[in-house]
Amino acid sequence: MTLRFIFHYPEINGPDGDVLDPGPVRDVAVAAENAGFDAFAFSEHPAPGARWLSAGGHQTLDPFVALGYVAGATERLRLLTYLAVAPYRNPMLLAKAAATLDKISGGRFVLGLGTGYQKSEFHALGVDFGERNALFDEALDVLPLHWRGEPFDYQGRHFSARDIIARPRPVQDPIPIWIGGNSKLTRRRVAHRAQGWMPMSGDGQLSATARTNTLGPVEELGKQIADVRSEALAAGRTDHIDVVYSYGSELMSATAAPDRHREVFADLEKAGVDWVSVSCRIEGLSATVDFLEAFGATYIS
C-alpha cells in the first residue's frame, strides 16, 4: 500500500497570534486537495491554560466546526480530528457531531480520539481527570449504538439513556475511529474496538506532558504495529487497521533533503504505517500554499 498523506492545519503556539495566521481554512484545504493530500486534520483544545500555552502549547479551532467547513470546500479529502478528546463530551454529543460530519461530507469523516492529558482543561470543563479512561470506554460503547439509528439504552456514569433513536445514520458503517496514544491500553483498544492507531511521535518531554510512553525507533514501531494487527486477527477481526505517523518538526521545508525524507517514508511504510501527517511553519497563506504545492510535487505526485 502506498503511503497517504494528511495535512494538519498549522497550530499557533503560545497565547499570541491568530489561529488563522496559516491562511483561510478554505484556501488551505483546497490547496491541500489540489496538491494530492488525502486528508485534512485539526486537533482540539477548548480551554488551554495560560501556563501550558506559555510553555509551548497551542491554540486550535473547534475541529468539528472547522472540518464541516472543509467538507463544503473540498470533494475528496478525508476529514480527521487529530485528535478530539472523548471524555470532554457526553458521548451522545460526540456521536451526533461525528454522524453529522460524515453525513454532510458523503462519508469522508474519520473520528480520531484520545483520552486527554491536560488536567487544567479537564477542570475547566468540569470533567473528572481521574475518570478519563472510564469515560473514554463509555464513548467507545455508545458511538456504534448511536450511529446504528435503532432504539438503544445505555447507563453511563453520569447519564442514563433510555430508548434513544438517533439520526442521521452515518454514511460509513462504521465511521472509522482512530485512537491516539502509545500505551499498551491504547494498543489493546485499537486491536479490539477501533479502525486505526495514531501513535504519538516526539521527544520524551512531549510524551511526559501527554502522559504516554515515548515512541521508540521505527523498528520498534513496526513490531508494535504487527502486534496490534495480530491481536485484532486473534480477536476475529479481518478488517485492516490503519496506522498514522506524525512527521511534524522533521519536515518544515518540503524540498530540503528530499532523499532523506523519502528514505524515512519508505522505512515507515515498511514498518506498516499507512498515513503520514505533516504540517508546516506559520508564515501566512502564500507560504502555506507553497509548502503544500512543493510537498505534493516532491513526495505525492
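The values are calculated or read from the model by the stated rules, or taken from the named source; none is laboratory data. Here the structure is a predicted model, which is why all the values come from computation and not from measurement. Methodologically, a virtual Cβ is constructed for each residue, glycine included, from the backbone with ideal geometry; neighbour enumeration extends over all protein chains shown.
Overview of values
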quantity	calculated
Residue list for segment 90-119, restricted to those being without any contact (Cβ under 8 Å) to a residue 40 or more places away in the chain and farther than 25 Å from residue 243 by Cβ	93, 104, 119
Segments classed as helices (runs of 4 or more DSSP H), wholly inside segment 195-301, with at least 3 members that are out of contact with any helix residue (DSSP H, G or I) (no Cβ under 7 Å at 6 or more places or on another chain) and at pLDDT 90 or above	218-234, 258-271, 285-295
Top-ranked residue of segment 217-269 - restricted to ones that are under 20 Å from residue 181 (Cβ atoms) and among the hydroxyl-bearing types (Ser, Thr, Tyr), ranked as surrounded by the most Cβ atoms within 10 Å (Cβ to Cβ)	245
Meets criteria (in contact with a helix residue (DSSP H, G or I) (Cβ under 6 Å, 6 or more places away or on another chain), assigned to a helix (DSSP H, G or I) and surrounded by fewer than 14 Cβ atoms within 10 Å (Cβ to Cβ)) for residue 51	no
Test: residue in segment 66-81 that is part of a helix (DSSP H, G or I), touching a residue at least 60 places away in the same chain (Cβ under 8 Å) and surrounded by fewer than 20 Cβ atoms within 10 Å (Cβ to Cβ)	no
Of all residues in segment 128-187 being crowded, with 16+ Cβ neighbours inside 10 Å and of a type in the set (Ser, Thr, Tyr), the one that is farthest from residue 232 (Cα to Cα)	154
Which listed residue is more than 27 Å from residue 298 (Cα to Cα) and either at pLDDT 95 or above or surrounded by fewer than 16 Cβ atoms within 10 Å (Cβ to Cβ) (or both), from 29, 84	84
